[in-house]
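Peer 1: Below is the structure I would like to discuss, written out as structure tokens.
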Amino acid sequence: MPGWVEILIRTISLVVILFLMTKWLGKKQLAQLNIFEFISGIVLGGVVAIHTSNTDTRMIYGILAMAIWFAIPYAVNFISLKSKAFRNFTQGRSTVVIQDGKIMEDNLKKEGYTTDDLLENLRSKNMFKTADVEFAVLEPSGTLNVLPKTENKPLTPKDFGLKPSPKKEPQTVVMDGRMMLEPLANLNLNPNWLETELDKLNVSIENVFLAQADSDGQVTVDLYDDQIAVPDPTEKPLLLATIKKCQADLELFALETENKETEQMYQKNSQKAQQAIDLITPYLK
Amino acid sequence: MTVGSHVKGCFSSIKSAEASLEILANKTQSIEAQQAFKQAEQLMTEIKDDLQKQVVFLTQEEPTYK
């Protein structure tokens, strides 16, 4: 066998094995790798490099070495899933560096974390004053997570006592001009429905680059042809406006009529319409 | 426009709102939204029933404008 054919075969087979191993170890980013995974990653790369470029070595030894280097982090991962104590040993534990607004100098020293490191990481979390920090913890991966004091936290609807309507994730129903059947099925909708909606917007599906439907079945589209203006969805604002108009009309009728009974009927219904408006406004926004 | 035609216009708007609410209630995936839409639809139906009586009454009152 000529040398170059051997190298070709070795390279392709080792790349396939390496790819499968990396997939098997799971979805972790480089920064999240623990010490075992990090070392084995480097060693696996080295083993592959040696055995692809050097035809004197025995291929089977290379595969054996790779298998062992793969098995060790795999076993560590497996035991870590089962045992907390083992996990603490292999992955380390988080260290509290600021508690109740006070910096824990001893913990900083133990982690070899300088004051400048701490300040830098706090700044990257938008905390320029340590006095604004209630609690900060240094994770085993090296990132610093910060809990600001209550008065420095961003406002949420909860702080205003508001209850926004729950929103489910939107589904992408058209991609590159092609209908996606599975997302449609997730919304309990069918292709006919989508065709009708696109007809309503006066666009053909071939011209649609991307279309998304929210959990209320409202469609927003992006077209290939950006010159064409697509109307915003109007169904919900229109409905709210209709009900508001009816409520105002009923109030007007109540004022106009001279019959006491009819006036009461109009007033009662105007209140009902108001009730309906209050009920559905959060969902129509 | 007469009182009768005003009331009739309002009546048809209510009917359209009722139908839209029903469509939304059927389309939405969230149970809370569905309940809110259904309740609103119920309210619309009640208003519609009352207005229908009024429309009938007004047509009798204003036979010329029927």
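The values are calculated or read from the model by the stated rules, or taken from the named source; none is laboratory data. All values reported here derive from a predicted model rather than from experimental measurement. Glycine gets a Cβ as well: all are built from the backbone with ideal geometry, and neighbour counts include every protein chain shown.
Peer 1: Within the stretch A:230-254, which residues are of a type in the set (Asp, Glu), at the interface with another protein chain (Cβ under 9 Å from one of its Cβ atoms) and over 32 Å from the mean Cα position of the chain (by Cα)? Steps first, please.
Peer 2: In the first step, residues of the stretch A:230-254 are kept if they are of a type in the set (Asp, Glu); the result is A:232, A:235, A:249, A:251.
Then keep just the ones that are at the interface with another protein chain (Cβ under 9 Å from one of its Cβ atoms); that gives A:235, A:249.
Within the stretch A:230-254, A:Asp249 is the sole residue that qualifies.
Peer 1: Let me ask another. Any chance you could count how many residues in the stretch A:238-263 are surrounded by 14 or more Cβ atoms within 10 Å (Cβ to Cβ) and among the basic types (Lys, Arg)?
Peer 2: Residues that pass the stated criteria total 2.
Peer 1: Output the number of the condition that A:Asp159 fails; it satisfies all remaining conditions of (1) more than 21 Å from the chain's Cα centre (by Cα); (2) assigned to a strand (DSSP E or B).
Peer 2: (2)
Peer 1: Next up: Regarding the stretch B:41-49, can at least one residue be identified that is at the interface with chain A (Cβ under 7 Å from one of its Cβ atoms) and over 21 Å from A:Ile277 (Cβ atoms)?
Peer 2: No - not one qualifying residue is present in the stretch B:41-49.
Peer 1: Filter the stretch A:131-156 down to the residues that are of a type in the set (Gly, Ala, Ser) and not in a loop (DSSP other than H, G, I, E, B) and list them by number.
Peer 2: Matches in the stretch A:131-156: A:Ala131, A:Ala136.
Peer 1: Can you tell me how many residues in the stretch A:110-119 are touching a strand residue (DSSP E or B) at 6+ places or on another chain (Cβ under 9 Å) and part of a helix (DSSP H, G or I)?
Peer 2: 5
The rows are residues; the columns are (1) touching an Asp or Glu at 6+ places or on another chain (Cβ under 8 Å); (2) closer than 30 Å to A:Glu105 by Cα; (3) of a type outside the set (D, E, K, R); (4) surrounded by 14 or more Cβ atoms within 10 Å (Cβ to Cβ).
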{"site": "A:Pro148", "(1), (2), (3), (4)": "yes, yes, yes, yes"}
{"site": "A:Glu151", "(1), (2), (3), (4)": "no, yes, no, no"}
{"site": "A:Thr156", "(1), (2), (3), (4)": "no, no, yes, no"}
{"site": "A:Glu195", "(1), (2), (3), (4)": "no, no, no, no"}
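Peer 1: Of all residues being more than 7 Å from chain A (Cβ to nearest Cβ) and farther than 18 Å from B:Pro63 by Cβ in the stretch B:1-15, which is surrounded by the most Cβ atoms within 10 Å (Cβ to Cβ)? Just the residue, please.
Peer 2: It comes out as B:Phe11.
Peer 1: Just name the residue that is nearest to A:Asn77 (Cα to Cα) out of those in the stretch A:22-60 that are touching a Ser or Thr at 6+ places or on another chain (Cβ under 9 Å) and modelled with pLDDT of 80 or more.
Peer 2: Ranking the qualifying residues of the stretch A:22-60, first place goes to A:Gly41.
Peer 1: Inspect the stretch A:264-276 for any residue being modelled with pLDDT of 85 or more, outside the structural domain of A:Gln212 (by TED's automatic domain parsing), exposed (fewer than 12 other Cβ atoms within 10 Å of the Cβ) and charged (D, E, K, R) and give the result as yes or no.
Peer 2: Taking every residue of the stretch A:264-276 in turn, none turns out to be modelled with pLDDT of 85 or more, outside the structural domain of A:Gln212 (by TED's automatic domain parsing), exposed (fewer than 12 other Cβ atoms within 10 Å of the Cβ) and charged (D, E, K, R).
Peer 1: Out of (1) assigned to a helix (DSSP H, G or I); (2) farther than 12 Å from A:Leu14 by Cβ; (3) free of Cβ contacts under 8 Å to residues at least 24 places away in the same chain, the odd one out for A:Ala65 is which?
Peer 2: A:Ala65 satisfies all of (1) assigned to a helix (DSSP H, G or I); (2) farther than 12 Å from A:Leu14 by Cβ; (3) free of Cβ contacts under 8 Å to residues at least 24 places away in the same chain except (2).
Peer 1: Give the residue that is farthest from A:Leu240 (Cα to Cα), with candidates limited to residues of the stretch B:33-66 that are touching a Phe, Trp or Tyr at 6+ places or on another chain (Cβ under 6 Å) and in contact (Cβ under 8 Å) with a residue 40 or more places away in the chain.
Peer 2: Result: B:Val55.
Peer 1: How many residues does the stretch A:271-285 contain that are more than 7 Å from chain B (Cβ to nearest Cβ) and either within 19 Å of B:Val56 (Cα to Cα) or basic (Lys, Arg) (or both)?
Peer 2: Qualifying residue count, the stretch A:271-285: 1.
Peer 1: So A:Ser141 fits all but one of (1) in contact with a strand residue (DSSP E or B) (Cβ under 9 Å, 6 or more places away or on another chain); (2) over 30 Å from A:Leu238 (Cα atoms); what number is the exception?
Peer 2: (1)
Peer 1: Whether any residue in the stretch B:16-30 is within 9 Å of chain A (Cβ to nearest Cβ) and over 23 Å from A:Ala241 (Cβ atoms) is what I want to check.
Peer 2: Within the stretch B:16-30, one or more residues are within 9 Å of chain A (Cβ to nearest Cβ) and over 23 Å from A:Ala241 (Cβ atoms).
Peer 1: Return only the number of the condition from (1) in contact (Cβ under 8 Å) with a residue 24 or more places away in the chain; (2) in a loop (DSSP other than H, G, I, E, B) that A:Phe128 does not satisfy.
Peer 2: Single failed check for A:Phe128: (1).
Peer 1: Note down all Cβ pairs under 7 Å where the first residue falls in the stretch A:226-247 and is over 26 Å from A:Leu210 (Cα atoms), the second is of a type in the set (Val, Ile, Thr) and surrounded by 16 or more Cβ atoms within 10 Å (Cβ to Cβ), and they're at least six residues apart or on different chains.
Peer 2: That search, which allows pairs on different chains as well, returns A:Ile243/A:Ile277; A:Lys244/A:Ile277; A:Cys246/B:Ile14; A:Gln247/A:Ile277.
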